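Asks: Got a structure for you, written out below as structure tokens; questions coming shortly.
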Amino acid sequence: MPIYYRTYRSFEGDVRKRLRWWEVLKQEFRILIKNRTFLVLMILGSLHVLARVLQVVLMSMVASNPNNQVGQMLKSMASLEVFSVNPTMFFNFLRIQSPVMFLTLLMAGSGMICDDFRNNLMEVFFSKPLNWLDYVLGKLVTLIIVGLGLTAVPAIFLLVLHNILTPSLETLGNTYWLPWPIVLFSLALVIPAALCVLASSSILGSQRYASIGLFMVLLGDLMLGRILPDLLHEPNYSVVAFPLAINRIGEVLFDQRRPMFELSWQWSALFLAVVCALAAWLVCTKIQQAEVAD
């Protein structure tokens, strides 16, 4: 057979027309599950979940028999209200879990985009039937799933466990509305963190610089949110600290009676939306430029 009749085997598969970002997501998870640091951070986040599971189990034992040894021990340590399974417990769980969640997303996502640029993988991605939106969605959804796996998923599990161990109409009446605050507050924690991590990864040249840069920006923002209220004698200026602005939204969702500052939650939501929009614009602009260049 003449050589000019020989060629590469033609593509015989079907081109995915929908959910093409799913391929990017699968690739990112293949990389993450092999990363020891990522697994250690996930285990670290699970320790807090185990502590809360113990709290739910102990309080269910006290509710079933207030005079047992567990109840007497808790009464001797402190008021049972401290250990109660109520909206404040779920709010505190998500609030305390957020630093581990942020560090996990920072480790997992700070190299997602800059490493692709450095390793010339953009040409590989965009040589396939993928566009810039598929690429961005794949990266973003990966981080959102990881973040919700450390926040909303364990919180919903604790809520279900509480209702199973303490089955009553009173328990159901006190907790039936909690899934919505849990999910909304978790999204308020995860989505901005994921977008900011990807934005840092897209504009800086390496994973190390992206991690350090975003961490320093967040630290400076927190310091500003602590200094301004003291200098100007106005607690509402705490809203300029991005984590405190998100915390304000959580206080409203979980109906907390002692907010850190009295400024309306709409200002915090506006601040949140502006930061998310800016981060999304940075990521999309950078990836669109890479797609056009390829």
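The values are calculated or read from the model by the stated rules, or taken from the named source; none is laboratory data. Owing to the predicted nature of the structure, the values given are computational and were not obtained by experimental measurement. Positions of Cβ are generated from backbone atoms using ideal geometry, with glycine treated the same way; all protein chains shown enter the neighbour counts. The protein model used for the area step is the full one, side chains on, heavy atoms only, and it has no ligands, DNA or RNA in it. Shrake-Rupley method; radii C 1.70, N 1.55, O 1.52, S 1.80 Å.
Asks: Mind checking which pairs have a first residue in the stretch 247-260 that is surrounded by 20 or more Cβ atoms within 10 Å (Cβ to Cβ) and a second that is part of a helix (DSSP H, G or I) and of a type in the set (Ser, Thr, Tyr), Cβ under 6 Å, 6 or more apart or different chains?
Replies: Taking only residues 6 or more apart or on different chains, the pairs are Arg248/Ser268; Ile249/Ser268.
Asks: Also, I was wondering about something else. Which residues, taken from the stretch 18-41, are under 18 Å from the mean Cα position of the chain (by Cα), open to solvent by less than 100 Å² (accessible area, probe 1.4 Å) and farther than 12 Å from Leu137 by Cβ?
Replies: Phe29, Leu32, Thr37, Phe38, Leu39, Val40, Leu41
Asks: Still on this model: I'd like the residue in the stretch 115-131 that is assigned to a helix (DSSP H, G or I) and in contact (Cβ under 8 Å) with a residue 40 or more places away in the chain and, out of all such residues, is nearest to the chain's Cα centre (by Cα).
Replies: Checked the stretch 115-131; the qualifying residue nearest to the chain's Cα centre (by Cα) is Asp115.
Asks: Continuing with the same structure: Check off (1) out of contact with any Asp or Glu (no Cβ under 9 Å at 6 or more places or on another chain); (2) within 20 Å of Val197 (Cβ to Cβ) for Ala241 and give me the number that stays unchecked.
Replies: Checking Ala241 against (1) out of contact with any Asp or Glu (no Cβ under 9 Å at 6 or more places or on another chain); (2) within 20 Å of Val197 (Cβ to Cβ), the one that fails is (1).
Asks: Tell me which residues, restricted to the stretch 222-261, are under 24 Å from Asn86 (Cβ atoms), in a helix (DSSP H, G or I) and among the acidic types (Asp, Glu).
Replies: Glu251, the sole residue that qualifies.
Asks: Given the criteria surrounded by fewer than 15 Cβ atoms within 10 Å (Cβ to Cβ), modelled with pLDDT under 95 and β-branched (Val, Ile, Thr), does Ile164 qualify?
Replies: So Ile164 passes the test.
Asks: Looking only at the stretch 68-114, which residues are modelled with pLDDT under 90, part of a helix (DSSP H, G or I) and not hydroxyl-bearing (Ser, Thr, Tyr)?
Replies: Gln69, Val70, Gly71, Gln72, Met73, Leu74, Lys75, Met77, Leu80, Glu81, Val82, Phe83
Asks: Could you tell me whether any residue of the stretch 49-58 is modelled with pLDDT of 90 or more, under 17 Å from the mean Cα position of the chain (by Cα), open to solvent by 30 Å² or more (accessible area, probe 1.4 Å) and closer than 24 Å to Thr142 by Cβ?
Replies: The answer is no, given that none of the residues of the stretch 49-58 is modelled with pLDDT of 90 or more, under 17 Å from the mean Cα position of the chain (by Cα), open to solvent by 30 Å² or more (accessible area, probe 1.4 Å) and closer than 24 Å to Thr142 by Cβ.
Asks: Let me ask something else. Would it be correct to say that Ser186 is of a type in the set (S, T, N, Q), open to solvent by less than 10 Å² (accessible area, probe 1.4 Å), assigned to a helix (DSSP H, G or I) and out of contact with any Cys (no Cβ under 8 Å at 6 or more places or on another chain)?
Replies: So Ser186 fits the description; yes.
Asks: For the stretch 205-216, give me each residue that is closer than 18 Å to Val275 by Cα and open to solvent by less than 90 Å² (accessible area, probe 1.4 Å).
Replies: Ala210, Ser211, Gly213, Leu214
Asks: Only residues in the stretch 207-219 that are more than 13 Å from Phe102 (Cα to Cα) count as the first member; pair them with residues that are surrounded by 15 or more Cβ atoms within 10 Å (Cβ to Cβ) and of a type in the set (D, E, K, R), Cβ under 7 angstrom, at least 6 apart or cross-chain, and list the lot.
Replies: Filtered contacts from the stretch 207-219: Gln207/Asp115.
Asks: Please find, among Leu172, Leu143, the residue that is touching a helix residue (DSSP H, G or I) at 6+ places or on another chain (Cβ under 7 Å), open to solvent by 70 Å² or more (accessible area, probe 1.4 Å) and among the hydrophobic types (A, V, I, L, M, F, W, C).
Replies: Leu172
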